[in-house]
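The values are calculated or read from the model by the stated rules, or taken from the named source; none is laboratory data. This is a predicted model, so every value here is computed, not measured. Glycine also receives a Cβ, built like all others from the backbone with ideal geometry; neighbour counts cover every protein chain displayed. When the accessible area is computed, the model is the full protein with side chains, heavy atoms only, and any ligands, DNA or RNA have been set aside. Shrake-Rupley method; radii C 1.70, N 1.55, O 1.52, S 1.80 Å.
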Amino acid sequence: MKKLEKSKLKGNQTIQISGSKSISNRLLILESLFQNIKIGNLSNSQDTQLLKKALSETSAEVREDLEKKQKYSEQNTEIVDIHHAGTAMRFLTSYYSIQDGKTTILTGSGRMKERPIKNLVTALQNLGVEIDYLENEGFPPLKITGRKITQTKVDVPANISSQFITSLLLIAGKLENGLEINLVGEVTSRSYIEMTLDILTKFGIKNNFVGNTIKVFNFDRNSQSSIVNYEVESDWSSASYFYSFAALGRETILLKSFYKESTQGDSAITKIYEDFFGIKTIFTEEEHQLTLQPIESFQFPEKIVLDMNNCPDIAQTLCVTASALKIPFEISGLGTLRVKETDRLLALYNELQKLGTETEITNSTIKSVSFNETQENISIKTYQDHRMAMSFAPFSLIKDINIEDENVVEKSYPMFWEDLKIILNQN
């Protein structure tokens with residue numbers, strides 16, 4: 001358990017955040033498929049390291065462990081265990097699907113086996129890939145028999161996790177005839193899809209996104225023969241926690257390395273925190289540095305009403321910030337939070353009560369109902385969710401708080417607790 005005593009924020013401290021997990025994981029798949037990319041500032045997150053290991057090493061140790069349990073023991077079959085890494089599960093499902101003649105069993109933790117993957121599997125099956133569910137229909141673990149995909153079109157529900165769509169996009173340039181994806185319904189987390197397409201473009205894979213149809217063309221190696229150097233921008237999701245600290249502590253924080261014209265959807269934090277919490281973002285282009293500067297005499301809003309469909313991963317941070325300041329909020333567009341590391345809407349409902357905030361939740365919304373006295377001896381459950389741990393940490397500027405299972409931050413931000421020591425001046 002991490003004990004955070006009530007603290008004050010030091011002014012003008014600088015934090016260097018590791019590369020974006022989202023970008024890093026996309027690049028690792030492309031690097032493995034095309035071998036002509038050099039990655040700088042790769043994320044040090046557990047998710048990224050697990051994906052890197054899965055792409056570069058055999059699964060002998062995993063196989064031995066599973067065979068002891070007399071599960072999945074088949075000859076000529078590689079077994080890959082990605083533990084809690086949801087991004088790795090989704091991206092590797094498509095990656096192994098095009099490894100012609102290779103059979104892979106893709107498994108994970110108990111929670112991973114509860115996270116739906118049916119829409120992605122169905123799309124790949126419709127493209128001609130043989131994928132079997134080994135336990136429960138629609139959920140990992142999967143047995144994937146790779147083959148050469150020749151079909152060129154597939155329909156995918158648009159209101160599912162954008163990572164399902166990105167998973168298909170990442171392999172599309174490797175397909176002989178490319179791939180056309182028709183997104184059925186309203187698109188969720190569109191910014192993450194556009195980020196993927198931007199990476200493909202920089203890598204030399206032509207594509208277009210018109211209406212609800214995405215076309216990715218076969219990678220022409222002759223037109224992109226040189227090595228592509230890609231310096232990964234720091235992670236905006238990780239930056240969000242420092243915006244919360246700045247909003248509550250009203251001191252300036254400096255962050256590196258970020259770009260003004262970012263393709264990460266969570267860069268929306270700059271406008272959200274300026275509009276609702278009075279934190280202005282100043283970019284220093286040559287140093288790729290952000291200055292989070294509180295606006296003097298800022299008038300907080302009477303209520304926050306916001307659709308976070310394009311940036312749901314920073315919703316937890318916003319809810320905690322608003323709760324600490326007792327600003328009523330009504331957040332929509334959060335349907336994907338139900339199927340993350342935990343049911344994040346339910347987790348917020350439970351844990352915000354400890355801060356004195358009563359809420360109402362639906363399948364895609366959360367709304368504050370009342371603000372009461374905070375509990376004594378606050379202990380926040382993390383539900384094996386890294387964002388629960390980090391989004392609640394800024395409340396330590398208001399009151400002593402305990403974070404259970406603090407090691408969960410390793411999933412995306414292993415240095416989080418060390419970086420807090422830089423900015424916090426404990427009483």
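Based on DSSP H runs of at least 4 residues, each adding -39500 (n - 2.57), what is the mean residue ellipticity at 222 nm of the chain after dividing by all its residues, to the nearest 500 deg cm²/dmol?
Value at 222 nm, helices only: -9500 deg cm²/dmol.
Over the alpha carbons of region 139-268, what is the largest minus smallest coordinate on each principal axis, giving the biggest first in Å?
Each principal axis gives a Cα extent; for region 139-268 these are 57, 38, 33 Å.
If you fit an axis through the alpha-carbon atoms of helix 236-249 and take the longest principal axis of the Cα set of the chain, what angle between them do you get, 0 to 90°, nearest 10?
Here the helix axis deviates by roughly 0 degrees.
Once neighbouring chains are kept in place and the probe is 1.4 Å, which whole percent of the accessible area of region 139-207 is contributed by carbon and sulfur?
Looking at region 139-207 in its full context, I get 45 percent from C and S.
Any lysines with Cα under 24 Å of the Lys367 Cα? List them, leaving off those in the same chain fewer than 8 positions away.
Those lysines meeting the cut-off are Lys271, Lys303, Lys326, Lys340, Lys354, Lys381, Lys399.
Only loop residues by DSSP count here, and only those with at most 10 other Cβ atoms within 10 Å; note down the GluC sites (Glu not before Pro) in region 321-404 that meet that.
Answer by residue number: Glu373, Glu376.
What's the extension gain from Lys102 to Asp400 if we count 0.36 nm per residue and subtract their Cα-Cα distance?
Going from the current span to full extension adds 102.0 nm.
Would you please state which residues of region 356-393 a label at Glu114 would reach in this model, taking the label point 7 Å out along Cα→Cβ and a backbone N cut-off of under 12 Å?
Within reach of a label on Glu114, which here means backbone N under 12 Å from a point 7 Å along Cα→Cβ, region 356-393 contributes 383-385.
If each of Glu358 and Asn407 carries a label point 7 Å out from its Cα toward its Cβ, how far apart are those two points in nm?
With each label point 7 Å from Cα toward Cβ, the separation is 3.9 nm.
What do you get for the angle between helix 315-325 and the principal long axis of the chain? Use alpha-carbon atoms, 0 to 90 degrees, nearest ten.
That works out to roughly 0 degrees.
Rolling a 1.4 Å sphere over the protein heavy atoms, what is the accessible area per residue of region 350-399, to the nearest Å²?
40 Å²
Could you derive backbone 3J(HN,Hα) for region 136-153 from the dihedral phi with the Karplus parameters 6.51, -1.76 and 1.60 (θ = phi - 60°), listing whole Hz in sequence and x where the residue is Gly or Pro?
10, 4, x, 9, x, x, 10, 10, 10, 9, x, 7, 7, 8, 10, 5, 10, 9
Points 7 angstrom from Cα along the Cβ direction at Lys10 and Lys260: gap in nanometres?
About 2.9 nm, to one decimal.
Given the Cα-Cα distance of Val369 and Ile227 and 0.36 nm per residue of separation, how much length would full extension add, in nm?
Here the segment from Val369 to Ile227 would lengthen by 45.7 nm.
For Ile378, which sequence-distant residues (separation of 5 or more, or a different chain) have an amide H within less than 5 Å of its own amide H, given hydrogens modelled in the peptide plane?
So Ile378 has HN proximity to Asn402.
Given 0.36 nm per residue, what is the gain on full extension from Asp198 to Glu302 after removing their alpha carbon distance, in nm?
33.7 nm is the gain from fully extending Asp198 to Glu302.
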